[in-house]
DNA sequence: GAGTGGTCTAGACCACGGC
DNA sequence: CCGTGGTCTAGACCACTCA
């Protein structure tokens with residue numbers, strides 16, 4: 001258990017983030033200051049920040065300093081949305097809340113979120129619309145324990161990204177996520193909202209999102225129409 | 001146009017790879033040797049290699065040296081295959097060549113491959129099978145100009161990954177790729193091979209692969225059954 | 001001009017692989 | 001044992017931001 005120094009520094013910085021001492025959007029101390037605090041060279045701090053920066057946890061800005069990544073900036077808004085228009089047009093995304101309930105999760109969702117089936121979760125159903133056309137039917141589950149007092153009104157108010165809400169209202173940062181993608185047929189309920197026929201093929205995108213310490217916080221299932229849009233990804 | 005030194009070194013190394021002086025699997029000169037050759041410090045060479053390594057173009061091996069990435073190793077075989085079994089079992093992938101033809105591409109494929117519709121391409125159709133069940137129907141297009149003299153026999157012989165064939169027979173390295181994913185319905189032809197009903201939902205995975213200099217070399221369309229498997233990806 | 005991150009150097013020592 | 005990449009340091013200078 002003799003980790004390289006820069007990894008240890010990385011962990012110390014991460015710890016500050018977990019404890020909430022440095023929050024989303026904050027400017028963290030300069031490299032020189034951190035080097036003095038931790039009694040290591042600036043180069044070692046640099047390397048620690050390099051890693052955190054490549055993990056998109058921190059963001060460097062030359063001449064200004066290093067910041068904690070936030071979902072609250074335009075350009076990062078769509079970080080987790082990989083749907084792209086086939087026609088290249090950039091339409092505005094609209095968001096309609098369909099339902100908001102407090103329920104007990106089924107066994108699968110509970111397991112994914114690492115909670116018991118007796119722990120309540122909020123269930124959010126919503127419809128995403130691009131260019132006036134319904135495109136995605138989302139079903140989202142988050143543990144009540146992490147988001148006490150959340151209401152439908154709050155969700156409607158912050159009509160943009162839920163991640164921004166998690167961050168600003170609950171200090172919970174979504175750092176990364178895993179997606180499992182399949183092709184499925186539309187059910188009656190979904191077909192109605194997406195204005196398509198039952199059994200029409202849809203992209204099923206199951207996403208589990210994590211905050212610090214790889215702790216799962218949100219599970220969602222998105223059902224997407226892929227006539228005019230496609231899911232884009234890169235391999236290397 | 002005054003790029004950092006380590007980027008210039010990176011470009012010089014890349015140039016050696018493009019010229020084929022260092023080929024897939026080769027051991028490249030040590031950091032110290034490169035530093036002397038290029039008249040820079042070892043630290044600068046390190047940083048150049050760091051970048052190439054994060055791009056999966058080079059692979060470092062402590063105590064041994066730095067190698068050019070190859071598709072010819074077991075662990076890298078499935079680098080570009082993101083399909084995962086829902087049941088967690090690892091079955092062996094089998095490969096059946098369905099057809100091999102020399103044709104003129106349609107406008108779309110020609111555009112993707114950056115060639116004219118008069119330049120011939122090889123069209124390869126094949127069926128991938130896991131655990132005796134047909135899983136993916138692939139249709140692949142590669143410019144004849146890049147793969148002169150390719151035959152069905154060669155493909156069957158190298159029954160594994162085509163990328164390994166491109167590399168060993170033609171010295172063409174696939175470095176990265178873009179995928180566009182949609183949900184579609186099975187056509188008659190595909191339904192027959194995958195042993196499903198027509199109109200059954202399939203994952204349509206369109207992939208454009210690139211070699212050095214972001215030069216596109218292969219376009220393929222994979223149609224996948226996602227009953228027992230799913231496409232897995234990570235977001236950060 | 002002061003302070004930040006970005007680049008570059010030179011040199012030390014460590015950890016691993018293979019002879 | 002030697003040569004490789006991996007870590008760490010100290011110090012120099014550059015490029016950018018902002019007061």
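In chain B, helices alone account for a calculated mean residue ellipticity at 222 nm of -7500 deg cm²/dmol, with every DSSP H run of four or more residues adding -39,500 (n - 2.57). Under conditions of 25 °C and 0.890 mPa s, chain B yields 124 µm² s⁻¹ as its translational diffusion coefficient, taking Rh as the Kirkwood radius over Cα pairs in the Stokes-Einstein equation.
Shape class of the range A:164-227 from the Cα gyration tensor (axes a ≥ b ≥ c, square roots of the eigenvalues): prolate, since a/c reaches 1.5 or more and a/b is larger than b/c.
Per residue of peptide B:174-180, the mean number of Cβ atoms on other chains within 10 Å of the residue Cβ is 4. For the Cα trace of the range B:63-174, dividing Rg by the Kirkwood Rh returns an Rg/Rh value of 1.01. Direction-averaged shadow area of the convex hull around the Cα atoms of the range B:113-226, nm²? For the range B:113-226, the mean projected area of the Cα convex hull comes to 7.8 nm². Quick one: grab the alpha carbon gyration tensor of the range A:5-68, order the square roots of its eigenvalues as a ≥ b ≥ c, and give me rounded if a/c is under 1.5, else prolate or oblate depending on whether a/b is larger than b/c. Verdict is rounded for the range A:5-68.
Remark: mean inter-chain Cβ contacts per residue of A:183-192 equal 3, using a 10 Å Cβ-Cβ cutoff to other protein chain atoms. Compute the angle between helix B:42-54 and the longest alpha-carbon principal axis of chain B, please, reported from 0 to 90 degrees and rounded to the nearest 10. Compared with the principal axis, the helix lies near 0 degrees.
Coordinate range of the alpha-carbon atoms in the protein assembly as shown per principal axis, descending: 68, 63, 42 Å. Kindly identify the range B:93-149 as rounded, prolate or oblate by the Cα gyration tensor criterion: order the square roots of the eigenvalues as a ≥ b ≥ c, call it rounded if a/c is under 1.5, otherwise compare a/b with b/c, prolate if a/b is larger, else oblate. Taking the square roots of the gyration eigenvalues as a ≥ b ≥ c, the range B:93-149 is prolate.
Picking from A:108, A:210, A:120, which is most flexible by a Gaussian network model of chain A using Cα springs under 10 Å? Per the Cα network of chain A with a 10 Å cutoff, A:108 tops the list. For the peptide A:198-205, the mean number of other protein chain Cβ atoms found within 10 angstrom of a residue's Cβ is 5.
For the pair the range A:175-219 and the range A:119-154, the centres of their Cα atoms are 12 angstrom apart.
Laboratory data are not the source of any read-out in this text; all were calculated from the coordinates shown. Given the structure is predicted, the values throughout are model-derived calculations rather than measurements. Counting neighbours? That spans all protein chains shown, and the Cβs are built from the backbone with ideal geometry, glycine included.
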